[in-house]
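What follows is a single structure, written as structure tokens, with notes after it.
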Amino acid sequence: SVHRQSKNKYLRQVTGLVHVGANLGQERHLYADHDLEVLWVEPIPEIFARLRRNLAGFPKQAAIQALVTDRDGRLQDHNIANNDGGSSSILEFKLHRDIWPEVEYTGKIELRSITLPTLFRENRLDPGRYQALVVPPGCMERSLPAQWPTTTSPRRTPGCSTTSRRSWVIRQRR
């Protein structure tokens, strides 16, 4: 639809993107339709295993299991949500409960954090291959965009090809 195209306009302007908070890779078909190279980042081991299975048959899309934050090596509690991990976060719920009262945290796991630059370096990835970063709203407060090379001003892109509907897209300057 026209509305969907306008909110995903950025996908026509990039050849690759990093999607932090991948969950099950719900946008994999949309990204494939735009012939994008995608790096998915998902911290929860069980969800990550399902993500990898979901990406079978998408040769330009790869996944890394990692908890990306603003610091390397910090042990961090990660809250697990009851909606297939879709609302899982290191942050506590705030307004989320008002919008989706049926979603709640059902457990926690402890994970070691990593920054985007370290993730790229340790996995021998060239950040230049990715011109966009899709992040959940909580990452905005955790200085994740500051780790993205040569960014434009971060801007909220409601409903931008994410299940959250409140995600942000940050693009590199050309």
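Under 5 Å from the amide H of GLN61 lie the amide H atoms of VAL38, each residue being 5 or more positions distant or on a separate chain, with H modelled from the backbone and absent for Pro and chain starts. Remark: segment 1-70 carries 47 Å² of accessible area per residue (probe radius 1.4 Å; ligands, DNA and RNA excluded). Peptides 70-79, 124-133, 42-51 ordered by packing proxy, namely the average of other Cβ atoms within 10 Å per residue, highest first: 42-51, 124-133, 70-79.
The values are calculated or read from the model by the stated rules, or taken from the named source; none is laboratory data. Note that the structure is a prediction, hence the values are computed from the model and not measured. Glycine gets a Cβ as well: all are built from the backbone with ideal geometry, and neighbour counts include every protein chain shown. For accessibility, only protein heavy atoms count, side chains too; no ligands or nucleic acids. Shrake-Rupley method; radii C 1.70, N 1.55, O 1.52, S 1.80 Å.
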